[in-house]
Every structure is written in C-alpha cells, then in structure tokens.
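S.K.: Would you mind keeping the following structure in view while I ask a few things?
Read-outs throughout are calculated quantities, based only on the coordinates presented, and are distinct from any laboratory measurement. Predicted model, so just to flag it, every value in this text is computed and none were measured. Every residue, glycine as well, gets a Cβ built from its backbone with ideal geometry; the counts of neighbours run over all protein chains shown.
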Number of protein chains: 2
Amino acid sequence: MKETKHRSACAIAFGLDIVGDKWSLIIVRDIALRGKVSYGDFLKSEEKIATNILASRLVSLETNGIISKKNDSSDKRKEYYSLTKKGIDLLPVLLEMLIWGAKYFSKNESPKWFVNQAKKDKKILIRQIKSGVKSGKYLLKRD
Amino acid sequence: MKETKHRSACAIAFGLDIVGDKWSLIIVRDIALRGKVSYGDFLKSEEKIATNILASRLVSLETNGIISKKNDSSDKRKEYYSLTKKGIDLLPVLLEMLIWGAKYFSKNESPKWFVNQAKKDKKILIRQIKSGVKSGKYLLKRD
C-alpha cells in the first residue's frame, strides 16, 4: 500500500486524509490507553471493528508511519503493534475529541478523572500516558 | 435522518461516530476560518468534495447539531450554514489536527503565523476565530 495521497496543501486536510475515519483513532486509543498490542486485542474492543476494516486500517496506519509492527521473537506468527512518535503526537487530537465527546454525549462513560485531567492540563496527561506506555501501566487498561 | 447511533460509551468513539470522516472537519474549517456559508461555497474548496457527499455530510452535521441552516429572507431558495456552539466546540480538535498536520506534512501550506498561534495559545486563537465569525473578518478568508 502506498502512502495516502493528499487532497490539498492544508494541514487539517492532511490529518483527515490519514486518520479521518471512524477507526484509526480508536486503534490509537487502544494502544496508548488500554495496552492493546495485537490484531486479536483490537478485534475485542467494544466498538466491534470488522476484521477486514481492521486489517486495512492497520496497513494504512503502518504505511503512514503512525504505528509500527514487530514480530514476536519466540513466535514469528505473532505480531505486535506500537505507536511511533508520529502516532503518539496524535494524542492531543484524541484528547480534544474526548473532551468534546464527554461534553456532548449523554451516555458517556469515559472516566471522569481522565476527562478532567485532559481539560486541566493536556501536557501532563500526555506525559502520564507516555510513561504508562513505557512501563506497561496503561491509564485506562481494563483487564 | 436520525441522529448518529453510537458504538460504545467512549467519548472518543462518540466524537468519531459524528465527525470521524474525511469531510466533516473540512466543512467546520470552511465555516469557521474561511467564511464559507453556502452549499456552493463548500463545493468550491480545493479538496473538491463530491456533491452527493457534501449533501449527506451537511444533513448529518445538521442532524447532530454541529451546524444550523437558515434560509435567506429575500430568497427562500438560498440556504446559509453556520456553526452551533457544539460546532464551535470542535475547534480545539481542528487546531490539534492542524498542528499535527503542519508537523508531518512536507507540502503543508497552512499559514505559519496561524499554526504558531495554535501551538502557542489555542484559547486566544479560538477567541480570535470566534470574533472573526461574528464580525465577518474570517482569519483565513481567501477571496
């Protein structure tokens, strides 16, 4: 797959060309906040992504340098995904989407402390998210 | 058209359910920054949205309370779109997308002063955008 083509020289349109869809930022969320790493992990998310869409999103995110894929050294069939620097740099977009959603979604169940921290100081929260990713203590891990 | 259904109780997924596509935030950009108000205006943008997609996006944005439509009092066939409060509240998402795009898009031509102001102080810039919308002095108007 080739890198995504761009519709214009607008930086906003560029971002949307790459992650302007219903799933890309869900995958970024799953990796950064919930500690998901594999194809099977992403499939289990409550949004219920279809396998063919997941496969195509992962290829696109990898091609565009948002995620990178590694093979398990002990089992070559297993593949693990992580965010690149370019992917981690999407966290501010993700957090603004969270703040907007938390404000307007009556059925929102995203943790209040997390939403409040995003509103209060995004930089600190992003630092916490990054250190969670490094240490394996993901801020919104569920299991 | 009914309001968009939601895949989960996650605030991020909620946002993506509504504006997670290639065009919704382009329309928000056009209204907030470029002073576009009509169907014909949106069609002229350099990203070249197809008429059927534009029509469907406008209905969805209106149904979800992001934009509102008014008829021209002198010519009832003319319709003007504006952002609601809920739509204006998407500006932080838009600006973070701009910052990300400006960082990674080698062919980015979004004005440097605008990107720098978004990085430096989003709140001030959003205040400037809002007052631009009110006074008709749109920050990135082109004609």
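S.K.: In chain B, with Lys and Arg counted as +1 and Asp and Glu as -1 at Cβ, which of these residues, B:Ala9, B:Ala55, B:Ile129, has the Cα nearest the positive end of the dipole, that is, farthest along it?
M.R.: Comparing the listed Cα positions along the dipole, B:Ile129 ranks first.
S.K.: What does the charge add up to near A:Val28, with Lys and Arg as +1, Asp and Glu as -1, over the other residues with Cβ less than 12 Å from its Cβ?
M.R.: Summing Lys/Arg as +1 and Asp/Glu as -1 gives +2.
S.K.: Return the Cα extents of region A:7-79 along principal axes one, two and three, sorted largest first, each rounded to a whole Å.
M.R.: 44, 27, 23
S.K.: Please state the charge dipole magnitude for chain A, taken about the Cα centre, from unit charges on C-beta atoms (+1 on K and R, -1 on D and E), reported in debye and rounded to the nearest 20. Intermediate results must be reported in sequence, preceding the final value.
M.R.: Working: 30 positive and 16 negative charges, 77 e Å.
Using Cβ point charges on Lys, Arg, Asp and Glu, chain A gives about 360 debye.
S.K.: Another one. Normalising by the residue count of chain B, find the relative contact order in percent from Cα pairs under 8 Å and 6+ residues apart.
M.R.: On the way: 137 pairs, mean separation 35.4, N = 143.
Dividing the mean separation by the residue count of chain B yields 25 percent.
S.K.: Between A:Asp72, A:Asp30, A:Asp17, which gets the highest mean-square fluctuation from a Gaussian network model of chain A, Cα cutoff 10 Å?
M.R.: Looking only at A:Asp72, A:Asp30, A:Asp17, the biggest GNM fluctuation is shown by A:Asp72.
S.K.: I've got another one for you. Give me the distance in nm between label points sitting 7 Å out from Cα along the Cα-to-Cβ direction at A:Ser73 and B:Gln128, one decimal.
M.R.: 5.1
S.K.: Here is a further query. Taking a label point 7 Å out from Cα toward Cβ, give me the nm distances from B:Lys76 to the same spot in the other copies, shortest first, one decimal.
M.R.: Reported distances to equivalent positions: 7.3 nm.
S.K.: Along the Cα→Cβ direction, 7 angstrom out, place labels at A:Lys119 and B:Thr63. What is the inter-label distance in nm?
M.R.: About 2.9 nm, to one decimal.
S.K.: Rounded to whole Å, how close does chain A get to the rotation axis onto B by Cβ? Give me the residue too, please?
M.R.: A:Glu96, 3
S.K.: For A:Glu46, project a label point 7 Å along Cα to C-beta. Then give me every residue of region A:93-115 with its amide nitrogen under 20 Å of that point.
M.R.: Flagged as within label range: A:94-115.
S.K.: Can I ask one more? Do any of A:Lys119/B:Lys123; A:Lys5/A:Lys36; A:Lys107/B:Lys86; A:Lys122/B:Lys123; A:Lys123/B:Lys22; A:Lys103/B:Lys130 go past 21 Å between their Cα atoms, and which?
M.R.: Check vs 21 Å cut-off fails for A:Lys5/A:Lys36; A:Lys123/B:Lys22.
S.K.: Another question, if that's okay. I'd like the distance separating the alpha-carbon centroids of region A:93-143 and region B:98-143, in whole Å.
M.R.: Measuring centre to centre over Cα atoms gives 25 Å.
S.K.: Then there's this: Which distances, shortest first and in nm, link A:Arg142 to the matching position in the other copies, using label points set 7 Å out along Cα to C-beta?
M.R.: 4.2
S.K.: So if I place +1 on the C-beta of Lys and Arg and -1 on the C-beta of Asp and Glu, and nothing else carries charge, what would the dipole magnitude of the protein assembly as shown be about its Cα centre? I want it in debye, nearest 20.
M.R.: Working: 60 positive and 32 negative charges, 148 e Å.
Using Cβ point charges on Lys, Arg, Asp and Glu, the protein assembly as shown gives about 700 debye.
S.K.: In Å, what Kirkwood hydrodynamic radius results for region B:11-135 from the alpha-carbon pair distances?
M.R.: 15.4 Å is the Kirkwood radius here.
S.K.: Only helical DSSP H runs with n ≥ 4 go in: add -39500 (n - 2.57) per run for chain B, normalise by residue count and round the 222 nm mean residue ellipticity to 500 deg cm²/dmol.
M.R.: -16000 deg cm²/dmol
S.K.: How much of the pair distance distribution for the protein assembly as shown lies past 24 Å, counting alpha-carbon pairs only, in percent?
M.R.: Everything past 24 Å amounts to 51 percent.
S.K.: Using a label position 7 Å from Cα in the Cα→Cβ direction, what is the ascending list of nm distances from A:Leu43 to the same site in the other copies?
M.R.: Reported distances to equivalent positions: 4.5 nm.
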